[in-house]
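Enquirer: Dumping the structure here so I can ask a few things about it.
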Amino acid sequence: MKIINIILKVVLCLIIAIPVVGALGFFPKPTPDLYGSPEAFSFINALYNSGYILYINAIVFAVSIALIIANRIALASILILPITVNIVAFHMFLDGGLLTGGAVMGNIMMAINVYFLWQNREQYRALWDKSTM
């Protein structure tokens, strides 16, 4: 079980390192041929042109990588959950579905994130407990 956790942590770190590298300008600007619909490209293009969302995601993912390395996977999983849900929703509703080539990494990221959320569910119990408020 421990080896599976290590492998999944490495894969998750590699996936979430991509936006960090992208924010540093190592990837070219998105083109319409990368997306399954004009709406998907328009959405990504708007995010890319706004500028700030790239840096916000990069910061969240860089912090998450640091947390994973520091063995704080429960916190990292919660931190990246909203972004992961948005990535999957983007592919589901705008980019042609969850079985397209562009959705693969988002699907893997979601599966790994759900695995770690489930594995660390006891650590989240205090978040739901009314007596701690």
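Quick note: the coordinates plus some simple rules give every number you see, no bench work behind them. Please read these numbers as outputs of a predicted model, since none were measured by experiment. Glycine gets a Cβ as well: all are built from the backbone with ideal geometry, and neighbour counts include every protein chain shown.
Enquirer: What does the charge dipole of the stretch 1-126 about its Cα centre add up to, to the nearest 20 debye, if the Cβ of each Lys and Arg holds +1 and the Cβ of each Asp and Glu holds -1?
Expert: 500 debye
Enquirer: Net charge around D129, counting only other residues with Cβ within less than 15 Å of its Cβ (Lys, Arg = +1; Asp, Glu = -1)? Please list the in-between numbers first.
Expert: On the way: positive: R121, R125, K130; negative: E122.
Taking every Cβ under 15 Å from that of D129, the sum is +2.
Enquirer: Could you tell me which residue out of F90, V20, I53 lies farthest along the dipole of the chain toward its positive end? Charges go on the beta carbon: Lys and Arg +1, Asp and Glu -1, centred on the Cα centre.
Expert: So the residue we want is V20.
Enquirer: In bins 10 Å wide, starting from 0, what share of all Cα pairs of the stretch 28-73 does each bin hold, as a percent?
Expert: So the P(r) values, bin by bin, are 25, 34, 25, 15, 0.
Enquirer: Let me ask something else about it. Do me a favour and compute the ellipsoid semi-axes for the chain from its Cα gyration tensor, root of five times each eigenvalue, largest one first, whole Å.
Expert: Square roots of five times the eigenvalues give 28, 16, 16 Å.
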